Amino acid sequence: MSGAGAPNLTVDATGMRVAVIAGSWHDEVMLPMIQDAVATITASGAEPALFRVAGAFELPSAAQAALQPTALGETGFDAAVCLGVIIRGGTPHFEYVSSAVTDGLTRVQLDSGRPVGFGVLTTDDEAQALDRSGRPGAPESKGREAAEAALHLAVQIREIRASR
């Protein structure tokens, strides 16, 4: 596991609203990721809102819905943190889903101009996913890392736009 050289991305995101969008597969992995993401968002001063979707493939559409302004002029969330687990199997399904989710979330981030924290685990087996879940004894917490990245970028985007 890496983690060495990780930056400190702690920010003050007071007043921001962040959608945490999580797949429903592999609860033993997902629940600690969700808890760590929500705790990180709350600690930054932002307000989290949790939405569960069926699986990783549904994350881009939910993120797009969270970040798009509504017809009523509501601005949508300031950022989305997307959490999911895709474990390699014996078919090409893993590659198709991993690619579609990554491409979809990238497109949502660029089209909306708002951050999408990428907390989608793509692993060879469940043990690797558990090691990245943030559960007690796990060496990494991808839920926390995805939330930190989204919050940091949201603050930076706000500063960039204010400086223009």
Residue pairs qualifying under the 7 Å Cβ cut-off, at least six apart or on distinct chains, with the first in the stretch 20-48 being farther than 23 Å from residue 154 by Cα and the second being aromatic (Phe, Trp, Tyr) and not in a helix (DSSP H, G or I), are none
Of the residues in the stretch 79-102, those that are in contact (Cβ under 8 Å) with a residue 12 or more places away in the chain and surrounded by fewer than 23 Cβ atoms within 10 Å (Cβ to Cβ) come to 87, 88, 94, 97, 98, 100, 102
Which residues, counting only those in the stretch 118-154, are of a type in the set (A, V, I, L, M), surrounded by 18 or more Cβ atoms within 10 Å (Cβ to Cβ) and in a helix (DSSP H, G or I)?
-> 129, 130, 146, 147, 149, 150, 151, 153, 154
Candidate set from the stretch 117-164 (those that are β-branched (Val, Ile, Thr) and in contact with a helix residue (DSSP H, G or I) (Cβ under 6 Å, 6 or more places away or on another chain)); member that is farthest from residue 20 (Cα to Cα) = 123
If a residue has to be under 19 Å from residue 143 (Cβ atoms) and not in a strand (DSSP E or B) to count, how many in the stretch 74-107 make the cut?
-> 6
Selection from the stretch 25-71 of residues that are of a type in the set (Gly, Ala, Ser), assigned to a loop (DSSP other than H, G, I, E, B) and more than 12 Å from residue 84 (Cα to Cα) = 44, 45, 46, 71
The one condition residue 108 fails out of (1) within 24 Å of residue 31 (Cα to Cα); (2) crowded, with 23+ Cβ neighbours inside 10 Å is (1)
Pair list, Cβ under 6 Å, 6 or more apart: the stretch 110-130 residue within 22 Å of residue 40 (Cβ to Cβ), other residue part of a loop (DSSP other than H, G, I, E, B) | 121/132
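Since every read-out is calculated from the coordinates, none of them should be taken as a lab result. Everything quoted here is computed from the prediction, not taken from an experiment. Please note: Cβ atoms are built from the backbone with ideal geometry, for glycine as well, and neighbour counts cover all protein chains shown.
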